[in-house]
Structure formats: C-alpha cells, structure tokens
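*Asks:* Pasting a structure below so you can have a look.
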Amino acid sequence: MEGKKTRGMGIYMRLVNLMSLMLFVLGIPWIGYTAPPAPYKPAGTMSWGVHFQLAADWVDPATTTRTTQWVVLYAIHDALLKNMPGELNAPSLAESWNMSPDGKVYEFKIRKGVKFHNGDILTAEDVKFSYERYHGIYNKLLKEKVERVDIVNPNQIRFHLKEPWNDFMEYYTAIGTTGANWIIPKKYFQEVGEQGFIRKPIGCGPYKFMKMEPGVELVLEAFEDYWRMVPHVKTLRIKSVMERARLWPW
C-alpha cells in the first residue's frame, strides 16, 4: 500500500512540475503576489500534448479522483491553498489561514476582489458551497471529521472539526486527489446545474473554458482578469496524444 501511495504522489508531483513549467512559459508566476495590470495583451497559441484521455467531468473539481485531472484544474480553476513547487500549501485564493490552539477550528482569510470567469466576485459562500458539494474519494472522511462550516464574513470562513485532526489540511488541500478546496461559483452552478457546469465550466484560474472534445482536446483562452497575472499566451490547447514514449522521458 505504501508503495502505491508513494508512486501515486510521485506521478502527481511530476504533473505539478509540468504545470509549473507550462505556466512559466505562459508567463504566469506561481507564488508570492498579485500582479499589477499587464502592459500587454495575450497572444498566440500553445499546444500541449498529454499521454491520457481527457474526460468531460474533469472540469469539475468536485469529481476529482485521479492525479491526471489536475492538469485541467490548474488551468481553469484555483484553490484556497494548493501544491506548488517548493511549497505544499501555498496561499492562493486564501491569503492566510490559522488553526485554533485546541486544533478544532481552521480559519481562512479569502483574498478580496478575485473574479470568476463570468465576472462574479469570489466570496466565502463559494468556498462553503464548493466544499459541501465535493464528492471525490475523500468526501466521506472529510464529512465525518468536519462538524460544520461557518461564514464569518464575505472574506472569512471557519471549519469546525468534531475533534482535533492533524491531517485536516493534508486532506482538504494538499493530497493530490482531493478537489475539496478548489472553488467554483455557487450562483452560476445553481443556475446551470451539474451537467450545465460540465458543458461550460466557470472558474477563477488563468484560463477560461472555450470548448472540449472529450478524449481528444480541450481549448482554453487566457483570462485577462486573473488575480495573479495575465497569461502571455492567448490560446491553450491541451491534446490527448496516446503515444506515451514520445511525451514522457521517465
């Protein structure tokens, strides 16, 4: 079992490193600051071949069950905290977080002014909603451990645990197969429903959804209101190329 876990995390970290390289090429900084308005417009197209088939529901963080899905999540969506090169829980949509002395309450301070692709502003309502509808492989464990989630104000949220649980942050944010802290817009999802969301997902990541042919190709376009920095490349095409030996040197 330990061998499978180590091997799975190794694959996940390779995917994160590939996303890091891709976003570096696209001109998106990983960690550290909210960039000022870009003095340029995104331009050009980048095609990226992956060795697996793209599934239609991978655009929805709530369905996250496998490491390969993170290629899509890092492009379209964003999370409170997320794994980045050199930092497992790097601040993203959450500027900061803290744990109570008794280990039973975790509080997140949400970054102000973050926009979803449809222009809606991200709030604690979206964070709570995204957690509650998560139904990936760690759903049962999280729901058994978390007693309730309280919205303190539009930019602050608290998770109350039933008892101290040292692995809460690991399972809520850092493990490569949970999408519980990746945030989607509550209002939009309630308007279109689950299937409508899969057909046209809305996130707050560096790229917005344009079209998808499951198993073949996903086409994305730069989101110029991305809170970190406007991507340099306008169009990103992620294509399934099932000749693994040509893509992966390991």
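*Asks:* Looking for something free of Cβ contacts under 8 Å to residues at least 60 places away in the same chain, in a loop (DSSP other than H, G, I, E, B), closer than 23 Å to Pro154 by Cα and under 15 Å from the mean Cα position of the chain (by Cα) - is there at least one such residue anywhere in region 75-88? Full working, then the answer.
*Replies:* Restricting attention to region 75-88, the residues satisfying the condition of being free of Cβ contacts under 8 Å to residues at least 60 places away in the same chain are 86-87.
The next check asks that each one be in a loop (DSSP other than H, G, I, E, B); those that pass are 86.
Keeping just the survivors that are closer than 23 Å to Pro154 by Cα gives none.
The answer is no, given that none of the residues of region 75-88 is free of Cβ contacts under 8 Å to residues at least 60 places away in the same chain, in a loop (DSSP other than H, G, I, E, B), closer than 23 Å to Pro154 by Cα and under 15 Å from the mean Cα position of the chain (by Cα).
*Asks:* Residues of region 39-57 being at pLDDT below 90 and part of a strand (DSSP E or B), which ones?
*Replies:* Trp48, Gly49, Val50
*Asks:* Go through region 133-161 and report how many residues are in a helix (DSSP H, G or I) and closer than 21 Å to Gly103 by Cα. So that I can check it myself, show each step before the final result.
*Replies:* Going through region 133-161, the residues in a helix (DSSP H, G or I) turn out to be 133, 139-145.
After this cut, where a residue has to be closer than 21 Å to Gly103 by Cα as well, the list is 139-145.
Residues flagged as in a helix (DSSP H, G or I) and closer than 21 Å to Gly103 by Cα within region 133-161 amount to 7.
*Asks:* Sticking with this one: Can you tell me which residues in region 164-202 are closer than 16 Å to Asn98 by Cα, part of a loop (DSSP other than H, G, I, E, B) and in contact with a Gly (Cβ under 9 Å, 6 or more places away or on another chain)?
*Replies:* Pro164, Trp165, Asn166
*Asks:* For region 109-121, name all the residues that are out of contact with any Lys or Arg (no Cβ under 7 Å at 6 or more places or on another chain) and either assigned to a loop (DSSP other than H, G, I, E, B) or acidic (Asp, Glu) (or both). Steps first, please.
*Replies:* Step one: filter region 109-121 for residues out of contact with any Lys or Arg (no Cβ under 7 Å at 6 or more places or on another chain), giving 109-116, 118-119.
Selection gives Arg111, Lys112, Gly113, Val114, Phe116, Asn118, Gly119.
*Asks:* Based on what the data block shows, is Pro185 out of contact with any Cys (no Cβ under 6 Å at 6 or more places or on another chain), under 28 Å from Glu87 (Cα atoms), modelled with pLDDT of 95 or more and surrounded by 22 or more Cβ atoms within 10 Å (Cβ to Cβ)? Please lay out each step first, then the result.
*Replies:* Working: out of contact with any Cys (no Cβ under 6 Å at 6 or more places or on another chain): yes; under 28 Å from Glu87 (Cα atoms): yes; modelled with pLDDT of 95 or more: yes; surrounded by 22 or more Cβ atoms within 10 Å (Cβ to Cβ): yes.
Yes, satisfied.
*Asks:* Name the residue that is surrounded by the fewest Cβ atoms within 10 Å (Cβ to Cβ), counting only residues in region 89-108 that are out of contact with any Leu (no Cβ under 9 Å at 6 or more places or on another chain) and part of a loop (DSSP other than H, G, I, E, B).
*Replies:* Here is the first cut: in region 89-108, the residues out of contact with any Leu (no Cβ under 9 Å at 6 or more places or on another chain) are 95-96, 98-102, 107.
In the following step, the residues that additionally are part of a loop (DSSP other than H, G, I, E, B) were identified as 100-102.
Working: Ser100: 13, Pro101: 6, Asp102: 9.
Taking the candidates together, the pick is Pro101.
The values are calculated or read from the model by the stated rules, or taken from the named source; none is laboratory data. Being a predicted model, the structure only gives us computed values, none of them experimental. Here Cβ is always computed from backbone atoms with ideal geometry, including for glycine, and neighbour counts include all displayed protein chains.
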